1. Right, I49: touching a helix residue (DSSP H, G or I) at 6+ places or on another chain (Cβ under 8 Å) and buried (at least 24 other Cβ atoms within 10 Å of the Cβ) or not?
2. Give the residues of the range 65-92 that are within 14 Å of L182 (Cβ to Cβ) and in contact with a Gly (Cβ under 9 Å, 6 or more places away or on another chain), sorted by residue number.
3. Touching a Lys or Arg at 6+ places or on another chain (Cβ under 7 Å) and modelled with pLDDT of 90 or more: which single residue out of V137, V146, V176, V108 fits that description?
4. If you scan the range 65-101, which residues turn out to be farther than 20 Å from A39 by Cα, surrounded by 18 or more Cβ atoms within 10 Å (Cβ to Cβ) and of a type in the set (S, T, N, Q)?
5. Could you pull out every one of the helices (runs of 4 or more DSSP H) wholly within the range 37-98 that has 3 or more residues that are modelled with pLDDT of 95 or more?
6. For the range 7-35, give me the residue count where each residue is basic (K, R) and not in a helix (DSSP H, G or I).
Amino acid sequence: MIKLVEGFNKYITIAGFKDVHINKIDHILSSVRKMLNTAAIQFFDAKLIAGWEHLYFAALNALKAFKNQTNISKSLAVECLLYACAQRQIRVALGLIGIKQSSSEIAVLIITDEKSAAEQAFEEISRLVLGERDDAVLELSDEKMVCIRRLFGISDTELATKLEDYGEKEALSDFVIEHIALLVTQR
């Protein structure tokens, strides 16, 4: 998915990969950053991503933080990671939702100024990631819901408050986006 965010004049690309084999995380990250110096790129363990909306709203909040000069980190990619995890500490966020050697399903978030740069960045990442492109890894499953609820501290009672208006997966996704938005108030 490549989407233009008009208020920021940026393109956001979100994609998933399954059956990923990561030998050296540092190698992947340094290779991507060397090749794509015009893009902000962040990788996530897809098992803790509550749909593409989760990453999209994290990116929007990160862009807004940079625009308003309220960003925590110096890097847009890292700011996206912080928002996606609703954390202020980079090391904590990396440990929770960053990719690990054991990550078999990953999500990629790319932010660029031009659509062609987004397409080029995605092509390069697709070549580097040893896995199969599959956006289904972004979708909520019952197994993911348990892990995501634990990560964001969403209780049964809290979830029940939205079940009258939403299905369980939509309610959880909504809560994750609310947690992302609440990070702004913690600054």
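The values are calculated or read from the model by the stated rules, or taken from the named source; none is laboratory data. Values in this document were obtained by computation on a predicted structure and should not be read as measured data. Glycine also receives a Cβ, built like all others from the backbone with ideal geometry; neighbour counts cover every protein chain displayed.
1. Working: touching a helix residue (DSSP H, G or I) at 6+ places or on another chain (Cβ under 8 Å): yes; buried (at least 24 other Cβ atoms within 10 Å of the Cβ): yes.
Judged against the criteria, I49 is a match.
2. Selection gives C85 alone.
3. Details: V146 fails: touching a Lys or Arg at 6+ places or on another chain (Cβ under 7 Å); V176 fails: touching a Lys or Arg at 6+ places or on another chain (Cβ under 7 Å); V108 fails: touching a Lys or Arg at 6+ places or on another chain (Cβ under 7 Å).
Answer to the selection: V137.
4. Listed by number, the list holds a single entry, Q87.
5. Numbers: elements: 52-67, 76-85, 90-97.
Per the criteria, 52-67, 76-85.
6. Restricting attention to the range 7-35, the residues satisfying the condition of being basic (K, R) are 10, 18, 24, 33-34.
Checking which are not in a helix (DSSP H, G or I) leaves us with 10, 18, 24.
Residues that pass the stated criteria total 3.
Quick grid of which residues meet (1) of a type in the set (D, E); (2) farther than 13 Å from K10 by Cβ:
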residue: F43; (1), (2): no, yes
residue: K64; (1), (2): no, no
residue: T70; (1), (2): no, yes
residue: C80; (1), (2): no, no
residue: L94; (1), (2): no, yes
residue: E114; (1), (2): yes, no
